[in-house]
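Chemist: I am attaching a structure below and will ask some questions about it afterwards.
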Number of protein chains: 2
Amino acid sequence: MKATIHITLKNGVLDPQGKAIENALGSLGFGGVDDVRQGKLIEVSLDESDADKARATLTDMCEKLLANTVIENYDIHLSEA
Amino acid sequence: MKATIHITLKNGVLDPQGKAIENALGSLGFGGVDDVRQGKLIEVSLDESDADKARATLTDMCEKLLANTVIENYDIHLSEA
């Protein structure tokens, strides 16, 4: 089973990288761009066919390693095969 | 209109960061984890209500700034509001 984990900064946490992208887009002439935030995307292949078990394992991984839950949210998306 | 852009390394491009995560998960006792890849997630608020126009602008942004198209793929997901 494959999974994609979206890790994003919580609202209110300063995101200088996103701000830099926003400014760079402005300099390139892209108008009307607001509130750019950069996060992480982690793709994992898991040797587990049960969706509930896979989700539980992935949640555990996020809590223990992948996300800093003080400042980051995570969101798990499972896909078959 | 809000958009989420997924930027991932192309297949065959070495991903040392993903490999490091894979090894760290192994050390923490998570078995059966295969092929971890790390990418980027960029959230943008666009001042544009037409989905086709928004997609065209975002594609342009990816080509010009957000993704390195030599080694990275990008994938645009639009969401309302």
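The values are calculated or read from the model by the stated rules, or taken from the named source; none is laboratory data. Quantities reported herein were computed from a predicted structural model and do not represent experimental measurements. Here the Cβ positions follow ideal geometry from the backbone for every residue, glycine too, while neighbour counts run over all protein chains shown. The area values use the complete protein model at the heavy-atom level, side chains included, leaving out ligands, DNA and RNA. Shrake-Rupley method; radii C 1.70, N 1.55, O 1.52, S 1.80 Å.
Chemist: Can B:H6 be described as in contact with an Asp or Glu (Cβ under 7 Å, 6 or more places away or on another chain), assigned to a strand (DSSP E or B) and within 30 Å of A:T57 (Cα to Cα)? Before the answer, list the steps.
Modeler: On the way: in contact with an Asp or Glu (Cβ under 7 Å, 6 or more places away or on another chain): yes; assigned to a strand (DSSP E or B): yes; within 30 Å of A:T57 (Cα to Cα): yes.
Taking the combined requirement at face value, the residue satisfies it.
Chemist: Only residues that are facing chain A (nearest Cβ under 7 Å), out of contact with any strand residue (DSSP E or B) (no Cβ under 6 Å at 6 or more places or on another chain) and of a type in the set (D, E): list them for segment B:1-59, please.
Modeler: Listed by number, the residues that qualify are B:D47, B:E48.
Chemist: Can I ask one more? Residue by residue through segment B:30-81, note down the ones that are closer than 27 Å to A:E63 by Cα, modelled with pLDDT under 95 and small (G, A, S).
Modeler: Correct list: B:G31, B:G32.
Chemist: Cβ-Cβ distance below 7 Å, separation of 6 or more or different chains: which pairs start in segment B:48-74 with a residue that is farther than 21 Å from B:N11 by Cβ and of a type in the set (A, V, I, L, M, F, W, C) and end on one that is in a loop (DSSP other than H, G, I, E, B) and open to solvent by 60 Å² or more (accessible area, probe 1.4 Å)?
Modeler: Matching pairs, first to second residue: B:L65/A:L28.
Chemist: Determine which single condition A:F30 fails, assuming it passes every other condition in (1) open to solvent by less than 30 Å² (accessible area, probe 1.4 Å); (2) touching a Lys or Arg at 6+ places or on another chain (Cβ under 8 Å).
Modeler: The number of the failed condition is (2).
Chemist: Sort out which residues of segment B:7-27 are touching a residue at least 40 places away in the same chain (Cβ under 8 Å) and surrounded by fewer than 20 Cβ atoms within 10 Å (Cβ to Cβ), and write them in order of number.
Modeler: Correct list: B:I7, B:L9, B:K10, B:V13.
Chemist: In addition: Output the residue which, of all residues in segment B:38-69 that are polar (S, T, N, Q) and in a loop (DSSP other than H, G, I, E, B), is most open to solvent (accessible area, probe 1.4 Å). Explain how you work it out, then say what you get.
Modeler: Keep residues of segment B:38-69 that are polar (S, T, N, Q), which gives B:38, B:45, B:49, B:57, B:59, B:68-69.
Narrowing further to those that are in a loop (DSSP other than H, G, I, E, B): B:49, B:68-69.
Numbers: B:S49: 107, B:N68: 72, B:T69: 54 Å².
Among them, the one singled out is B:S49.
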